[in-house]
Amino acid sequence: MLRIAVGVITGFLAWSIVWVGSEMVFSAISPGWFGAHQRAFTAAIKNGGQFSADTTILLMQVVCGSIVSVVSGFLAALIARENKRAPLILGLLLLAFGFLKVAMSWSYVPIWYQFIFTALLFPMTILGG
């Protein structure tokens, strides 16, 4: 049971670090496009106001989120030394945080993105496990 908990925690931390890291890398590579988009989104969340989401960036985030979920599910299963419970619990945890992200950004990004990004978290984590 301890291995499962460590696998879930490690998978969650890995997902978070890789997600934030990938956004930092994309922002560094393209500060005028991706970076500006992310700064505008953060400002809209913090201060309110207008934000216009870039569809290409949203699609990139769906793909990146899917890849990161597969990798974190694999890592959780590898550490837990089993491929059922650890990815399942991790997937549910990521789904809960996905719903939190939806609640925070509901009025700023299109509903198709909210639905697809959140809906892929759980199955992609299971797939990775």
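For this structure, a couple of remarks:
- Of the criteria (1) open to solvent by 60 Å² or more (accessible area, probe 1.4 Å); (2) part of a helix (DSSP H, G or I); (3) under 30 Å from residue 1 (Cα atoms), which one residue 116 fails: (3)
- Scanning segment 59-82 turns up one or more residues that are outside any helix (DSSP H, G or I) and either in contact with a strand residue (DSSP E or B) (Cβ under 8 Å, 6 or more places away or on another chain) or open to solvent by 30 Å² or more (accessible area, probe 1.4 Å) (or both).
Let's see how each residue does on (1) closer than 17 Å to residue 102 by Cα; (2) touching a residue at least 60 places away in the same chain (Cβ under 8 Å); (3) buried (at least 17 other Cβ atoms within 10 Å of the Cβ):
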| position | (1), (2), (3) |
| --- | --- |
| 9 | no, no, no |
| 12 | no, yes, yes |
| 31 | no, no, no |
| 35 | no, no, no |
| 48 | yes, no, no |
| 52 | yes, no, no |
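- Residue match in segment 88-99 (condition: touching a Phe, Trp or Tyr at 6+ places or on another chain (Cβ under 7 Å), of a type in the set (Val, Ile, Thr) and either in contact (Cβ under 8 Å) with a residue 12 or more places away in the chain or closer than 24 Å to residue 111 by Cβ (or both)): no
- Subset of segment 89-111 [at pLDDT below 95, over 13 Å from the mean Cα position of the chain (by Cα) and open to solvent by 50 Å² or more (accessible area, probe 1.4 Å)]: 103, 104, 106, 107, 111
- Selection status of residue 76, touching a Leu at 6+ places or on another chain (Cβ under 6 Å) and of a type outside the set (Ser, Thr, Tyr): yes
- Subset of segment 104-129 [without any contact (Cβ under 8 Å) to a residue 12 or more places away in the chain and either among the small types (Gly, Ala, Ser) or in contact with an Asp or Glu (Cβ under 8 Å, 6 or more places away or on another chain) (or both)]: 107, 119
- Checking each residue in segment 37-86 for being at pLDDT below 90, hydroxyl-bearing (Ser, Thr, Tyr) and closer than 27 Å to residue 10 by Cα picks out only 42.
The values are calculated or read from the model by the stated rules, or taken from the named source; none is laboratory data. Since this is a predicted model, take the numbers as computed values, not measurements. So basically every Cβ, Gly included, is an ideal-geometry build from the backbone, and we count neighbours across all protein chains shown. Keep in mind that these areas ignore ligands, DNA and RNA; they rest on the heavy atoms of the full protein, side chains included. Shrake-Rupley method; radii C 1.70, N 1.55, O 1.52, S 1.80 Å.
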